[in-house]
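Quick notes on the structure that follows.
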Amino acid sequence: MRKLFIAQSFVLLSAIAGAQTSIPDGGVVKPIDQEMIGKIRKEGLENSKVMEIAFNLTDVNGPRLTNSPGYMKAANWAVNEMKKWGLENSALEAWGDFGMGWELKKSYVALTAPYYKPIIAYPKTWTKGTGGLKQAEVLVIEAKDSATLAAYAGKLKGKIVMLYKNDPYKPTFTADATRYTDEQLAKMAEAKLSPQAQRPTDTAAARRQRENMARMMAPSLATRLKDMAEREGAIAIFSSQRGHDGTLFVQGPSTRNAYDPKTPEGISDLVLTMEDYQTFSRLGKAGVPVKIDIDVQTEFFKKDTKSYNVVAEIKGTDPSLKDEIVMLGGHLDSWQSATGATDNAAGSAVMLEVVRILKTLGVKPKRTIRIALWSGEEQGLHGSRNYVKNHFADPADMKTKPEYDKFSAYYNIDNGTGKVRGIYLQGNESVRALFTEWLKPFADLGATTVTVSNTGGTDHQAFDGVGLPGFQFIQDPIEYNTRTHHTNMDSYDHLLGDDLKQIATIVAAFVYNTAMMDEKIPRKPKPEPRGTGSGFF
């Protein structure tokens, strides 16, 4: 099957190369370099190193929480690999002050009464340990509001506390993993430009702002319980989030800026699987004593509170265009319960593979190609937002820096392991014809859709937020939102090698085409200043 696929691809590419395919380029019709596209396809699909790169970012380096030892280990590995490949200026670049790092050193949780059972549980980030092995009874709290919660005051010391929950398991009758249908892609392609398409309605930063505002306006019952548990000397608190069948979604505590060195270290806060949490709820309600052995050890890192992106370049060669920039990237940081394979070692590995492909082929781009792997994305796009502020413009006042006018485009991958099906225009209708032509050599790989629509919540929006062309590719969802995104299942085994090869090949072509244009990628109108404190997007 593999030989047949390659042969069919070669025949198709030869046919494309023979056609009079062209792209609009600053008013001048400029043919696509089909010979180079063929080389990129061959290197990307037949000689790929993307899974080897992903293995190093995940299995070898482990979780990559921002400012943790795991993040720094992976970041330095990426820097050194790109130096080996011959990229220039491969380095860690500090973008500003983030806060303290955190690492989980040990976590053991087991039910000891009414019987023994190992428990699947993960501590939230930036919470403290238990101070050694503890044996404790679980206090299941049946409270609906502050008044009923107050009835438990004075009873929490030495206990593990949790809110009662009765949310029966409901079987899922749809597949966890899916790909976009032709009908879904056609609907995307038919989308019309609207104010909503130009400005995202939901981003990581916007969600975090809403969460913080909601906590300030009316702290949740869980937050009030946590505060009470800390005051009274409870050993730990158990939480429950969505997920089932042993998969749990775990991130950080509800405390605002928990990674701020001035924030007190919070109580051990562990997320349990739905099945175990429901078991404890039923036992507690029935008056059956639930006893736990628990030993959580964590470490906080406060010596260096700056955070670092990974950057490197393939220098431009055109005398007039070499100082202009084409960027590609994805976030390198992850959460703590797995190795962050689909979120976002996949995107980081793909972008590293892109620059490896281009260096292996000995490309001489007109413009400088710059890769960036971001930190702090999971806490609010900090790495990319501050990089944009440091290099291009601050959205608060929109005062631009010299690199702003030399920037062409940024391409991002951060939607899991699914292959590319097309690209979001981010409301920039002027590049539709261009990107449509660039996708044609990859129609046989399933990438054909161009939509004016926006996709939110990741690093391309740092660029779009100041009027620079920033794009995210359409990717098949696979099991991203159902099984891997921010879960304990986000491991190397959930990566699809053939899909990642396809992504890297297409992104490499887009980056190369952008670097070789006579003109920069067309832009949307420059946004108005948004003022200090108005949010980035």
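State which residue pairs qualify: first residue in the same structural domain as Ala509 (by TED's automatic domain parsing) and under 18 Å from Pro522 (Cα atoms) and inside segment 322-334, second residue basic (Lys, Arg) and modelled with pLDDT of 95 or more in any location, beta carbons under 6 Å apart, and separation of 6 or more residues or different chains.
Final answer for the pair search is Asp323/Lys406; Glu324/Arg367; Glu324/Lys406; Ile325/Arg370; Ile325/Lys406; Val326/Arg367; Met327/Arg370.
Regarding Ala372, is this residue closer than 29 Å to Asp59 by Cα and assigned to a strand (DSSP E or B)?
The answer is yes for Ala372.
Residues in segment 105-122: is at least one at pLDDT 95 or above, under 19 Å from the mean Cα position of the chain (by Cα) and not β-branched (Val, Ile, Thr)?
Within segment 105-122, the subset at pLDDT 95 or above is 105-122.
Then drop every residue that is not under 19 Å from the mean Cα position of the chain (by Cα), which leaves none.
There is no residue in segment 105-122 that is at pLDDT 95 or above, under 19 Å from the mean Cα position of the chain (by Cα) and not β-branched (Val, Ile, Thr).
With the structure loaded, tell me whether Asp518 is part of a helix (DSSP H, G or I) and either in the same structural domain as Glu429 (by TED's automatic domain parsing) or surrounded by fewer than 24 Cβ atoms within 10 Å (Cβ to Cβ) (or both) or whether it fails that test.
No; evaluated as a whole, the condition is false for this residue.
Within segment 123-138, track down each residue that is surrounded by fewer than 23 Cβ atoms within 10 Å (Cβ to Cβ) and either basic (Lys, Arg) or under 33 Å from the mean Cα position of the chain (by Cα) (or both).
Hits for segment 123-138 are Lys128, Gly129, Gly131, Lys134.
Here is a yes/no grid of residues against (1) touching a Gly at 6+ places or on another chain (Cβ under 6 Å); (2) free of Cβ contacts under 8 Å to residues at least 12 places away in the same chain; (3) within 30 Å of Thr342 (Cβ to Cβ); (4) small (Gly, Ala, Ser):
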{"site": "Leu221", "(1), (2), (3), (4)": "no, no, no, no"}
{"site": "Arg224", "(1), (2), (3), (4)": "no, no, no, no"}
{"site": "Gly243", "(1), (2), (3), (4)": "no, no, yes, yes"}
{"site": "Gly246", "(1), (2), (3), (4)": "no, no, yes, yes"}
{"site": "Ser254", "(1), (2), (3), (4)": "no, no, yes, yes"}
{"site": "Asn257", "(1), (2), (3), (4)": "no, no, yes, no"}
{"site": "Thr279", "(1), (2), (3), (4)": "no, yes, yes, no"}
{"site": "Asp293", "(1), (2), (3), (4)": "no, no, no, no"}
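Being under 19 Å from the mean Cα position of the chain (by Cα) and either in a loop (DSSP other than H, G, I, E, B) or at pLDDT 70 or above (or both) is the filter here, so list the residues in segment 182-224 that pass it.
Pro200, Thr201, Asp202, Thr203
Quick check on this structure: which one of Met351, Met398 is surrounded by fewer than 23 Cβ atoms within 10 Å (Cβ to Cβ) and touching a residue at least 12 places away in the same chain (Cβ under 8 Å)? Walk me through how you get there before you give the answer.
On the way: Met351 fails: surrounded by fewer than 23 Cβ atoms within 10 Å (Cβ to Cβ).
Of Met351, Met398, the one residue that is surrounded by fewer than 23 Cβ atoms within 10 Å (Cβ to Cβ) and touching a residue at least 12 places away in the same chain (Cβ under 8 Å) is Met398.
Among the residues of segment 155-181, count how many are in contact with a helix residue (DSSP H, G or I) (Cβ under 7 Å, 6 or more places away or on another chain) and either within 21 Å of Gly233 (Cβ to Cβ) or not in a loop (DSSP other than H, G, I, E, B) (or both).
Count: 5.
Out of curiosity, is Thr339 among the polar types (S, T, N, Q), closer than 30 Å to Lys128 by Cβ, part of a loop (DSSP other than H, G, I, E, B) and out of contact with any Lys or Arg (no Cβ under 6 Å at 6 or more places or on another chain)?
Here the answer is yes, as Thr339 does meet what is asked.
Residues being crowded, with 21+ Cβ neighbours inside 10 Å and either outside the structural domain of Gln336 (by TED's automatic domain parsing) or under 20 Å from Leu439 (Cβ atoms) (or both): count how many of those fall in segment 491-515.
Total meeting the criteria: 17.
Residue by residue through segment 465-488, note down the ones that are of a type in the set (D, E, K, R) and in a helix (DSSP H, G or I).
Arg483
The values are calculated or read from the model by the stated rules, or taken from the named source; none is laboratory data. Note that the structure is a prediction, hence the values are computed from the model and not measured. A quick note on method: Cβ atoms are made from the backbone with ideal geometry, for glycine too, and the neighbour counts reach across all protein chains shown.
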